[in-house]
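Read the figures in this text as sums done on the coordinates, not as results from a lab. Computed from a prediction, not measured in an experiment: that's the story for all the values here. Backbone-built Cβ (ideal geometry, glycine too); neighbour counts: all protein chains shown.
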Amino acid sequence: MLEIKNLKVEIDGKLITNGLSLTVPDGEVHAIMGPNGAGKSTLSYALSGRPNYEITGGSALLNGKDILALEPEERAAEGLFLSFQYPLEIPGVPTLTFIRTALNEQRKYRGEDEISAPAFMKLAREAASRLKIDNEMLKRPLNVGFSGGEKKRMEIFQMELLQPNFMILDETDSGLDIDALRVVADGVNYMRAPNRSMLVITHYQRLLDYIKPDKVHVLANGKIVDTGGPELALELEKSGYDKYEVAA
Amino acid sequence: MAIFHAILKEFSDTLVGNDAREYFAVHGIPTRRNEAYHFTDLARGLEKIEKPNGEIPLANIDADIIIHSTQFGEIISGEKDGISIIPNGQIEISDEIGAKLCVGLSKSNSKINIAPNTKARIAIQRGAGSRSAVEIDIGENAQIEIIEEQAADGGLSSNLVNVNIGAGASLRRIMIMQTIGAQDLRYSTINLQANARLDLFALCFGGKLVRIDTNVNLFGEGAIANINGAYILSNSQNDLTTIINHHAPNCQSNEIVRGICTKGARNVFQGLIKVEKGAQRTIGKMEHRGIMLEEGAQIFAKPCLEIYADDVECSHANTIGALDDKALFYMQARGISRAKAKMLLVNAFLAQVFDDIQDEKIHSDIMARIEDKLGAIL
C-alpha cells in the first residue's frame with residue numbers, strides 16, 4: 001500500500017509536484033493520466049529517489065514506512081519497483097548477472113539468504129519464456145542494442161524476478177507495437193496479487209484495455225485534479241485534458 | 001639531482017649503458033627541452049629517490065624460465081630446450097632518451113635467445129628497486145608467452161626490454177604493474193618480422209613517477225600487433241606512451257587502452273600510429289577511453305595518426321568522461337547500492353581490455369586484481 005500526502009517536489013528550484021495526495025491500497029491498480037508536462041514522470045522519479053528531485057514537502061509511505069528518507073536502493077529493497085520510461089543501457093554487465101546482483105543486494109538488505117544460481121536460473125527461464133525473451137538476449141549486456149520493445153519487455157522481466165510489492169509503470173506502452181503491448185500487459189497482469197499494488201502512468205487509454213485499473217486519476221499542474229473508475233479513461237480519450245488545464 | 005648522478009655512477013662497471021651514463025653525466029636529467037616528451041617533468045620527478053619500502057609478494061606462476069630481479073641483482077632459474085640465456089650479453093640501444101635512461105640506470109642486463117619453433121612461458125618478476133635490461137630474440141614460428149610483474153612499493157626501478165619476434169612467431173606479453181609509491185621507468189622496443197604476432201596486455205596501477213614507453217615496429221609483411229592496456233589510478237600518476245610504426249605493407253595493429261582515475265590521480269595516454277610510405281593496406285586502430293571518477297582527477301590523452309601511405313584504414317577514438325549518473329540511478333532503483341553499481345560499471349568497462357586472454361587462470365588472476373583494487377578505492 002502506498003500513501004502519498006501533499007507531496008511537493010522541486011527540480012532545480014522549480015516546483016513540479018505541487019501538493020499531490022494519493023492512496024493505492026493493496027491489491028489495487030491505479031492509473032495516472034495527464035497531459036504532457038503534468039508531472040507524471042516527476043512523481044515516479046521522486047518516489048524512486050532520483051538525485052536532484054528535491055522533496056520540499058509532504059510524505060510518502062510504502063507499507064507504512066517513510067520511503068522518502070531512504071536511498072534509492074533501499075526503496076527498491078522495501079519493495080518499490082519503477083519500470084522506466086526509457087530503460088538505461090548497462091554496458092558490459094550481462095543481463096542475468098545484473099538482475100541476480102540486484103536480487104541478492106535486495107535480499108541482503110532484508111536479511112535474507114542469497115538465492116542460489118540454479119534456483120535463480122529456473123526462475124529466469126520461466127519468466128523469459130512467458131515474456132518471449134530468448135536466451136541469447138539474457139547473455140547480452142543489459143539493454144545494450146535492444147530495441148525499444150525489447151527494453152520494455154526486459155523491464156517486466158526484471159520486475160517478475162525481483163518480485164516487488166509496489167510497481168510504477170512509467171509509460172510502459174510508449175514505443176510498443178500491439179503484439180509487444182499484449183506481451184507486456186500479460187506480464188504485468190501475471191504480477192497482480194492481493195498483496196501487490198501498482199501505479200500505471202500513461203497518456204493513452206489503450207494500455208488500460210489490457211491492464212484494467214481499479215481507479216483512474218488525472219494529474220495536471222502537479223496534483224491530482226480528478227479521480228474516477230475505468231470509465232474516466234474512456235471519457236478522457238474523447239474529451240482530452242483541456243478542461244483540467246483551464247481549471248488549473 | 002645529485003642522487004640521480006650518484007645512482008648512475010654506482011653501476012659504471014657494467015659495460016652496457018656506459019654510453020648512456022656518459023650522456024646523462026654531460027646533459028643531466030632529461031628536461032622538456034631535450035626530450036620529445038612534455039607531460040611529466042623527469043627532473044622534478046627524480047629530485048628525490050627514496051629507498052624501496054619493501055617487497056610486495058609476487059604471484060606464483062608456472063613458467064619454464066623465471067627471471068627474478070630485485071634491488072640486489074637478478075636470479076634466473078629454469079631450463080628449456082631452445083632457450084639460452086646470456087648474462088651480460090650485448091644489447092642494442094635505441095637513441096631515444098627513454099631507452100638511454102633505462103639502460104643507463106640498469107644494474108644488470110641479459111640476453112635471451114629462443115630457437116625457432118620453441119613453445120615456452122617466461123616469467124619476469126621484479127621487486128622494488130630492480131633495474132635491468134633484457135633483449136629477447138624469438139626465433140621463427142616460436143610461440144612465447146612472457147608474464148611480467150612489477151611489484152614495487154617505493155624506490156626507483158627501471159626496465160629496458162628489446163624483443164625481436166621472428167617470422168611467423170608469436171609473443172603474448174602480460175604486464176602487471178604494481179608500482180605503488182614507486183618511480184618506475186620502462187622502455188620497450190618490439191620488432192615484428194613477417195607474419196609475426198604480438199598480443200600485449202598491461203594492467204597499470206601507477207606510482208609516484210611511472211612511465212611506460214612501448215615502441216612497436218611492424219617490419220615484416222602480414223605482422224599483427226594487438227595492444228591492450230588498463231589503468232586504475234588512485235593517488236598515483238601513470239604515463240603510457242605507445243608508438244606503433246607500420247614499416248611493411250599488409251600489417252594490422254589494434255590498440256585499446258581504458259582506465260579510471262580518482263581524485264588526485266593523473267594519467268597520460270600518448271598514442272601514435274605511424275604508417276610509412278611503403279606500408280600500403282595497413283589496418284591501424286587505436287582507442288583510448290578514460291573515466292574520471294571524481295572531481296580532481298586528471299586524464300590527458302593525445303592520440304595521433306601519421307600516415308604517409310595512401311591505401312590504409314586507420315582510426316583513432318578517444319573519450320574522457322564520468323560514469324553515467326543515469327545508469328547509476330537505474331542500477332540503484334533495482335536495489336544495487338551506489339558503490340556496488342560503480343564497481344559493476346567500472347569492472348565491466350575495464351574487463352573488456354582483457355577479453356582476449358584465453359588462459360583461464362591468468363585471466364581470472366587479472367580480474368581478481370582489478371576487483372581488489374576497485375574494492376579498495378571505490
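Restricting to bridges with both residues inside segment B:2-322, how much of the DSSP beta-bridge set is antiparallel, in percent to the nearest 5?
On the way: 13 of 145 bridges.
Around 10 percent of the beta bridges assigned by DSSP in segment B:2-322 are antiparallel ones.
Compute log10 of I(q)/I(0) for segment A:19-178 with the Debye formula, placing one identical point scatterer on every Cα and leaving out solvent, at q = 0.16, 0.20 Å⁻¹, to two decimals.
Relative scattering, expressed as log10 I(q)/I(0), comes to -1.02, -1.48.
Viscosity 0.692 mPa s, temperature 37 °C: what is the translational diffusion coefficient of segment A:35-84 from Stokes-Einstein with a Kirkwood Rh over Cα pairs, rounded to a whole number of µm²/s? Don't skip to the answer; put the middle values down first.
Details: Rh = 11.4 Å.
This corresponds to a translational diffusion coefficient of 287 µm²/s.
Just the number, please: Stokes-Einstein D of segment B:172-232 in µm²/s, Kirkwood Rh from C-alpha pairs, 37 °C, 0.692 mPa s. Don't jump to the answer; show the numbers that get you there.
Details: Rh = 12.5 Å.
Roughly 263 µm²/s, to the nearest whole number.
Pop out the Kirkwood hydrodynamic radius of segment A:39-130 from its pairwise C-alpha distances, inverse of mean 1/r, in Å to one decimal. Mind dumping the intermediate values first?
Values: mean 1/r = 0.0661 Å⁻¹.
This gives a value of 15.1 Å.
Please give the average number of partner chain Cβ atoms lying within 10 Å of the Cβ of each residue in A:66-79, rounded to a whole number.
Values: counts 0, 0, 0, 0, 0, 3, 12, 12, 3, 3, 6, 4, 1, 0.
That average works out to 3.
How large is the convex hull of the Cα atoms of chain B per residue, expressed in Å³ as a whole number? Mind showing how you got there, number by number?
Numbers: hull volume 50.1 nm³, N = 378.
Output value, Cα hull per residue: 132 Å³.
Classify segment B:192-322 as rounded, prolate or oblate from the Cα gyration tensor: take a ≥ b ≥ c as the square roots of its eigenvalues, call it rounded if a/c is under 1.5, otherwise prolate when a/b beats b/c and oblate if not. Before the final figure, lay out the partial values.
Working: a/c = 2.90, a/b = 2.17, b/c = 1.34.
Here segment B:192-322 falls in the prolate category.
Just going by the charge dipole of chain B, with Lys and Arg at +1 and Asp and Glu at -1 on Cβ, which of B:Ala297, B:Val103, B:Phe269 is farthest out on the positive end?
B:Ala297
Go through A:Ile11, A:Gln163, A:Leu181 and say which Cα lies farthest out towards the positive end of the charge dipole of chain A; charges sit on Cβ, +1 for Lys and Arg, -1 for Asp and Glu.
Checked the options; the winner is A:Gln163.
Could you tell me what a quarter of the Cα convex hull surface of the protein assembly as shown works out to, in nm² with one decimal place?
Values: hull surface 130.7 nm².
In nm², the orientation-averaged hull projection of the protein assembly as shown is 32.7.
Where the only charges are on Cβ atoms (+1 Lys, Arg; -1 Asp, Glu), what is the dipole of segment B:2-322 about its Cα centre, to the nearest 20 debye?
On the way: 30 positive and 38 negative charges, 126 e Å.
Charge dipole of segment B:2-322: 600 debye, to the nearest 20.
Mind checking the dipole of chain A: about its Cα centre, +1 per Lys or Arg Cβ, -1 per Asp or Glu Cβ, Debye to the nearest 20? Numbers along the way, then the final one.
On the way: 29 positive and 36 negative charges, 57 e Å.
So the magnitude is around 280 debye.
Picking from A:Met191, A:Thr227, A:Gln85, whose Cα lies most toward the positive end of the charge dipole for segment A:2-247 (charges on Cβ: Lys, Arg +1; Asp, Glu -1)?
A:Met191
For segment B:26-133, count all C-alpha to C-alpha pairs, find those more than 19 Å apart, and express that count as a whole percent of the total. Walk me through the numbers before you get to the answer.
Numbers: 3339 of 5778 pairs.
That tail contains 58 percent of the Cα-Cα pairs.
Project the alpha carbons of segment B:326-378 onto their principal axes and report the range along each, largest first, in whole Å.
37, 21, 14
At a temperature of 25 °C and a viscosity of 0.890 mPa s, determine how fast segment B:257-343 diffuses translationally according to Stokes-Einstein, using the Kirkwood radius over alpha-carbon pairs as Rh; express D in µm²/s, rounded to the nearest whole number. Display every interim value, and only then the final one.
Details: Rh = 15.2 Å.
Translational diffusion coefficient: 161 µm²/s.
Under 10 Å, Cα contacts only: if you run a Gaussian network model on chain B, which one of B:Ile232, B:Ile336, B:Ile190 comes out with the highest mean-square fluctuation?
B:Ile336
Would you calculate a helix-derived [θ] at 222 nm for the protein assembly as shown, using -39,500 (n - 2.57) for each DSSP H run of n ≥ 4 and dividing by the full residue count, to the nearest 500?
Roughly -8000 deg cm²/dmol at 222 nm, from the helical runs in the protein assembly as shown.
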